[in-house]
Amino acid sequence: MNLKKLTEVPSRPEARTEATGQEGSRLFSAGSHALLWFACILYFWPVLLGGESFYFRDTMAYYYPEAVITAGAWSSGELALWEPGISLGYPYHADPHSLVFYPLSILLVLLPFPLAYNAMTVIHVPLMGSFMFALHRRWGLRRSSAIVGAAALMFCGFSISSTSLTTLLRGLCWIPLALLAFDRFLTHGSVAAIGATALVLAVSGSGTDPNYVLYAGILLGISPWMRPGGRTVSAVKALAGVVASGALALALLTFQYLPLAQLVSISTRMSVSTEEKVLYDVNPVNLYNLFLPVPFPDGQSPFLFVSYWNGELPFYPDLYWGFPMLLLVLAALGWLWSCSGTDGVDTPEGISAETARLPVLILSGLAGFSLLVAMGKHVGAFELLTTVLPPLGAFRFPAKYMLLTAFSVSALAGFGFEGLGRSHGPSLRIYECAMIPSAVTLLLLLAAVSRPESGFFEQFLRDGGAAMTSEGRDEIQRTFQSTWSANLAMALATLLLLGGIRYLSRRGLAGFREAALMIGLVSILDLTASTRPSVVSAADELVYRPPGTTSSLLAATGATPPFRYVQYPPNQVRFGFNQTAFDYYLLEGEMQVGLRGSIQGLSSLLALLSV
């Protein structure tokens, strides 16, 4: 007789099933993260493995030369606390842009330049995707919904624009992880979760501006009502958790924020004019870009300037989410209503109208209000906000509040897809009904673009056409009309495709789950295809030329040398056929040689330090 068999306790079948289910769940989650990272590698292939590099906007003015300084110091076994190469010396570590204490700066010494800079910039995109995916799963959304929400955040125009404004990218990247850590405190009251949240905030603060850490704190403050299922701790305890996390994060950042405060106090930042504070906002005319791709996103294109109102390059060159993804955002509003039963499917598990109603309401309000604030002087919400909360007046540029819009809109996209995937009646009806005004809007825009007398083209050319010949103006208008017409036609075709998918589902010719997955796939493909051209890059040999190439560049283009930063008022460069944005950035990069490369003897980095 086998005594071992007699004394052995048989394992429960349900226990084995549960263990197998958990193992399968972990495997699927790992596969989802891998999918997001692989998508990023393909998306950023040119700057990772294709021999191209970022150069646009502040890249050549600040971030690349600062990365070189930091990497050089680290390679020598030093910390760049003081940089003698800038003017007569500069308290380098006091500037969060320097990345002296930012953990991911390790990539700057592990890889050769310029790949090191490109990789250090790009890695924040899949990181934020993984964090957003995990946050959605924590909130109870299905994997497919979490993937849609993560993709919306990773590939939206705001995030892609932030590859040339990398402090914003770093600030946005860590927000979902901070919310994820703090959610542990909300559900379990864990003190360790407070420490984890503070650590995430400190990591973010070591490489980004203080106002983006503040935005993260705002989201933490409303997170008890932003998570499905409601809060499990009292409002007072949640507020105490936010204060404790913030205080601990500030304590961890003391080594950087104290010298930063001293530097700001003795700089011209304290006496900045109101006009400069609101210099960058989001012009309402440029909000067309929420729905339609940028017509001419390439910095080497002479048509770049007619992509924006009055020919002025905005703070964010791209704001795109597109009709497919924004329809999902509208579908999220369906969770505000309960429905009796579902459209022929089992009662959904996880989130429901009762648990999702308040989070969707909070996220919608946040998305709308932060967008209004970002529009600055055009609507007055920024003035109202800084009047009610005077400390916020210390931060420049209303457009930066788009960071909150980007997070909340992406989260709503995940909720909206959850509604479609679970066949939630109100979400389905809102999604389908919203297609009709969307299609009408596209048809009206198509009519306006095709009629020269409509004045639509003049909204974008404005002063830029003052010195042009009639032939040059006609050429720009023809190119403008053809490109806009193509973008409008593509958006309309995509809407028809989505409508066709829903029709097939309604007629029973396709399962509702399969139809939802197709809608999610189309939305992600539309987003990635439309924002990919806005990853502004150029061949390494063009961006990182050796010194002394200004004359060669000008001889090749026949252009007039642009004013240097020490000669023209900030943000008043006029791009056009004689000088493209790319030409400016090549010259700006050359000015950075040795950080003293300007012909006038003044470093561009010194002249433009954002502190």
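The values are calculated or read from the model by the stated rules, or taken from the named source; none is laboratory data. In this text the structure is predicted, and so the values were computed from the model without any measurement. Here Cβ is always computed from backbone atoms with ideal geometry, including for glycine, and neighbour counts include all displayed protein chains. What goes into the accessible areas is simple: the full protein's heavy atoms, side chains included, and nothing from ligands, DNA or RNA. Shrake-Rupley method; radii C 1.70, N 1.55, O 1.52, S 1.80 Å.
The table below gives the values:
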{"quantity": "Test: G77 is touching a Gly at 6+ places or on another chain (Cβ under 9 Å), at pLDDT below 85 and of a type in the set (G, A, S)", "calculated": "no"}
{"quantity": "All positions within the stretch 403-423 that are over 15 Å from F369 (Cα atoms) and open to solvent by 10 Å² or more (accessible area, probe 1.4 Å)", "calculated": "R422"}
{"quantity": "The stretch 322-336 residues that are free of Cβ contacts under 8 Å to residues at least 24 places away in the same chain and within 14 Å of R429 (Cβ to Cβ), paired with ones that are open to solvent by less than 10 Å² (accessible area, probe 1.4 Å) and small (G, A, S) (beta carbon under 6 Å, 6 or more apart)", "calculated": "none"}
{"quantity": "Yes/no for A486 being open to solvent by less than 50 Å² (accessible area, probe 1.4 Å) and at pLDDT 85 or above", "calculated": "no"}
{"quantity": "Within the stretch 224-235, considering residues that are assigned to a helix (DSSP H, G or I) and surrounded by fewer than 22 Cβ atoms within 10 Å (Cβ to Cβ), the one modelled with the lowest pLDDT", "calculated": "A235"}
{"quantity": "Qualifying residue in the stretch 71-78 (condition: in contact with a Phe, Trp or Tyr (Cβ under 7 Å, 6 or more places away or on another chain), part of a loop (DSSP other than H, G, I, E, B), closer than 25 Å to A261 by Cα and without any contact (Cβ under 8 Å) to a residue 24 or more places away in the chain)", "calculated": "no"}
{"quantity": "Filter result (within 19 Å of the chain's Cα centre (by Cα), assigned to a helix (DSSP H, G or I) and of a type in the set (V, I, T)) within the stretch 194-223", "calculated": "V200, V203, V213, I218"}
{"quantity": "All positions within the stretch 283-314 that are surrounded by 18 or more Cβ atoms within 10 Å (Cβ to Cβ) and in contact with a Lys or Arg (Cβ under 8 Å, 6 or more places away or on another chain)", "calculated": "F305, G311"}
{"quantity": "Residues of the stretch 114-145 classified as outside any helix (DSSP H, G or I) and touching a residue at least 60 places away in the same chain (Cβ under 8 Å), total", "calculated": "5"}
{"quantity": "Residue, least open to solvent (accessible area, probe 1.4 Å), within the stretch 259-282, restricted to residues that are at pLDDT below 75 and part of a helix (DSSP H, G or I)", "calculated": "R269"}
{"quantity": "Hits in the stretch 348-367 - residues which are modelled with pLDDT of 90 or more and hydroxyl-bearing (S, T, Y)", "calculated": "S364"}
{"quantity": "Some residue of the stretch 249-257 being of a type outside the set (K, R), surrounded by 14 or more Cβ atoms within 10 Å (Cβ to Cβ) and within 17 Å of V191 (Cβ to Cβ)", "calculated": "yes"}
{"quantity": "Which listed residue is closer than 22 Å to F397 by Cβ and surrounded by fewer than 24 Cβ atoms within 10 Å (Cβ to Cβ), from D183, D209", "calculated": "D209"}
{"quantity": "Index of the failed condition, L497 passing every other in (1) loosely packed, with under 13 Cβ neighbours inside 10 Å; (2) at pLDDT 80 or above", "calculated": "(1)"}
{"quantity": "Residues of the stretch 96-113 classified as within 21 Å of the chain's Cα centre (by Cα), of a type in the set (A, V, I, L, M) and assigned to a helix (DSSP H, G or I), total", "calculated": "1"}
{"quantity": "One residue from S130, S98, S105, S75 being surrounded by fewer than 18 Cβ atoms within 10 Å (Cβ to Cβ) and among the polar types (S, T, N, Q)", "calculated": "S75"}
{"quantity": "Residue that is farthest from the chain's Cα centre (by Cα) [pool: residues in the stretch 475-505 that are closer than 12 Å to M518 by Cβ and among the hydrophobic types (A, V, I, L, M, F, W, C)]", "calculated": "L504"}
{"quantity": "Count of the stretch 1-54 residues which are modelled with pLDDT of 75 or more, more than 20 Å from F131 (Cβ to Cβ), out of contact with any Asp or Glu (no Cβ under 9 Å at 6 or more places or on another chain) and open to solvent by less than 50 Å² (accessible area, probe 1.4 Å)", "calculated": "4"}
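Let's see how each residue does on (1) assigned to a helix (DSSP H, G or I); (2) at pLDDT below 95; (3) more than 21 Å from the chain's Cα centre (by Cα); (4) on the phi > 0 side of the Ramachandran plot:
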{"site": "A151", "(1), (2), (3), (4)": "yes, no, no, no"}
{"site": "M154", "(1), (2), (3), (4)": "yes, no, no, no"}
{"site": "T167", "(1), (2), (3), (4)": "yes, yes, no, no"}
{"site": "P176", "(1), (2), (3), (4)": "yes, no, no, no"}
{"site": "F185", "(1), (2), (3), (4)": "yes, yes, yes, no"}
{"site": "A192", "(1), (2), (3), (4)": "yes, yes, yes, no"}
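Let's see how each residue does on (1) in a helix (DSSP H, G or I); (2) among the charged types (D, E, K, R); (3) modelled with pLDDT of 90 or more; (4) on the phi > 0 side of the Ramachandran plot:
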position: F369; (1), (2), (3), (4): yes, no, yes, no
position: E383; (1), (2), (3), (4): yes, yes, no, no
position: L404; (1), (2), (3), (4): yes, no, yes, no
position: G419; (1), (2), (3), (4): yes, no, yes, no
position: P426; (1), (2), (3), (4): yes, no, yes, no
position: C433; (1), (2), (3), (4): yes, no, yes, no
position: T441; (1), (2), (3), (4): yes, no, yes, no
position: Q459; (1), (2), (3), (4): yes, no, no, no
position: G464; (1), (2), (3), (4): yes, no, no, no
